[in-house]
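Okay, so here's the structure we're looking at.
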Amino acid sequence: MTRIAALGKPATAWRGYEDQPARSPWLPQLADDGPPRPLKVDTRADVAVVGAGIAGVATAFFILRDTRNDVLLLERDRVARGATGRNAGQLTTYFERPLGAIAEQFGAARAAEAQQGFDGAHDLLDLMVAETGATVRVERFAGHMGMFNLHHLQVHLASNLIRRAYGWRTEACVVSEAAEFRDRIPVEFDGLYDVVPQARVRELLEIDDDRYCAVLSDPKGCANSGLLAQQALGYLQRRHADRFTFVDHTDVTSIAVGENGAVLRAGGHEVSARYVALCTNGFVDHEVLDPAGSPIELAADQRITGRVAYMAAFVEDERRPPAAMSYIRNTTIGGDEAYVYVTRRTYDRPDDVVTLTCMGGPEYPFHEPAYDPDALFPGALLTEMDSEVRPFASGTRPPGRTYDFHWHGLMGYNDSGIRVIGAHPRHPRLLYNLGCNGVGFLPSIFGGHRVSRALAGDALPSSIFDPRVS
């Protein structure tokens, strides 16, 4: 699914918010980074990993864990200060397009294998947390998506057909006994859903809007990926001091990829590496060139472009259990489909522990030369979110109340809706783990593990994640 900028009619009940300072809830939980550590000399490494968000840190973690390579991790800002520290902090394992559509392009077997890989990223996260000793809070629970027509239901039950055909767990689905389309559900989906009273749909989605008459449920969760990245980085520096180097405030301006390795221009110095792994959002201002000096590119539908996602959050008046809900808003899935989402999680502050409810949905394409993460949050957009999304987040919170956090983040998307993971087909010294596509950070961890397996020499079967050329 793709969230689009327009949420609906503008709010009219009150005058609206002024522009607000951007403030992410995840960055205040990070420890002090200490003094900057820029690259000061020319250097060499087996693997140069570019980008110290959760994708880059996870990639470095698994390479160091599963191979004997030494790793240089380069960051142009500070650890986790990009999209990793300005996301929605969700643990999800779905794709940005229906699994059935992926199966039509790549075959059902590859689609099912990819879904199993994403689902297994929960275990990779647990491994990463356990081995690094990270104290980041990780909460898991069943998440629920609201649907309101037969098309929505058929698209998602078709995904369950693929899961079932390849022996993988299916997502739980319920349909209201009051759904007008209940008698028209194709028989091929028998056994993939249960019929329940409409009251059960309201209970799962925590709303009174009876337009929603079906629910898809699956394991979800919440965690501060920025804090995990920072704590995992500290572990790598302690555990692998002989094989791991981290530099920040070091901007990579060019990468020349050759037959035997790559040369990076970084912070005014030269880095020679046997391999380079790009774990950026994919649209930063560096060149990636082949031996002839020509740009190295991916297939058109894999090339990354930016979208700025906007989110807001408020502290609940009393503690509530963690939860995640999303609500489809367009009639037809595909293209620019709008949906809004709500997450509720336990939030640690210096002096107490509270429940934080986060809400989001609006996204805008980004085409400017540079992104300012500290740009003001538009008051008009916050007013619209307060009108259109707040009722899903809380049935009792009145309009116009102050939000504790409002932030935005530049996310990497591509037209394929699928993360790019692995070696470039014509330049095997160049590897990728990028393209979040707005589906949480578990795929970043999965990607880091897959890159490490490639560098360990595992014979990986072809997959939907493989980099391609036009």
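The values are calculated or read from the model by the stated rules, or taken from the named source; none is laboratory data. Just so we're clear, the structure is a prediction, and the values are computed from it rather than from any experiment. Here the Cβ is made from the backbone with ideal geometry for all residues, glycine too, and neighbour counts use every protein chain on show. Heavy atoms of the whole protein, side chains included, go into the accessibility calculation; ligands, DNA and RNA do not. Shrake-Rupley method; radii C 1.70, N 1.55, O 1.52, S 1.80 Å.
Numerical summary
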{"read-out": "Neighbourhood charge, 13 Å Cβ-Cβ cut-off, centred on HIS424 and excluding it, Lys, Arg +1 and Asp, Glu -1", "value": "0"}
{"read-out": "Mean separation of Cα contacts under 8 Å, 6 or more apart, over the residue count of the chain: relative contact order %", "value": "28 percent"}
{"read-out": "MET411 - accessible surface, heavy atoms, 1.4 Å probe, Å² rounded to 10", "value": "20 Å²"}
{"read-out": "Heavy-atom surface of the chain, accessible at 1.4 Å and reported per residue (Å²)", "value": "41 Å²"}
{"read-out": "Sites GLU287 and ARG37 - FRET efficiency at Förster radius 22 Å, r taken between beta-carbons, to 0.05", "value": "0.35"}
{"read-out": "Cut-off 11 Å between beta-carbons: net charge of the residues surrounding ALA375, Lys and Arg +1, Asp and Glu -1", "value": "-4"}
{"read-out": "Rg over Rh [alpha-carbon atoms, Kirkwood Rh] for segment 155-215", "value": "1.00"}
{"read-out": "17 Å tail of the calculated P(r), segment 241-341, as % of Cα pairs", "value": "71 percent"}
{"read-out": "Rounded percent of accessible protein surface that carbon and sulfur make up, the chain, 1.4 Å probe", "value": "49 percent"}
{"read-out": "Accessible heavy-atom area order of ASP386, ASP32, ASP46, highest first, probe of 1.4 Å", "value": "ASP32, ASP46, ASP386"}
{"read-out": "All-pairs alpha carbon distance profile, segment 56-151, 5 Å steps from 0, percent", "value": "2, 9, 14, 18, 19, 17, 11, 7, 2, 1, 0"}
{"read-out": "Kirkwood hydrodynamic radius (C-alpha pairs) into Stokes-Einstein, segment 33-86, 4 °C and 1.567 mPa s, D in µm²/s", "value": "108 µm²/s"}
{"read-out": "In degrees, nearest ten, helix 379-388 long axis to first principal axis of the chain (Cα)", "value": "40 degrees"}
{"read-out": "Exposure rank, largest accessible area first [HIS249, HIS406, HIS151; 1.4 Å]", "value": "HIS249, HIS151, HIS406"}
{"read-out": "Over segment 121-269: Kirkwood hydrodynamic radius from C-alpha pairwise inverse distances, Å", "value": "19.7 Å"}
{"read-out": "Convex hull of Cα atoms in segment 259-302, direction-averaged projection (nm²)", "value": "3.9 nm²"}
{"read-out": "Value of [θ]222 nm, deg cm²/dmol, for the chain, DSSP H segments ≥ 4, -39500 (n - 2.57) each, nearest 500", "value": "-7500 deg cm²/dmol"}
{"read-out": "Kirkwood hydrodynamic radius (C-alpha pairs) into Stokes-Einstein, the chain, 37 °C and 0.692 mPa s, D in µm²/s", "value": "143 µm²/s"}
{"read-out": "Angstrom value of the Kirkwood radius, inverse mean 1/r, which spans all Cα pairs in segment 195-266", "value": "17.9 Å"}
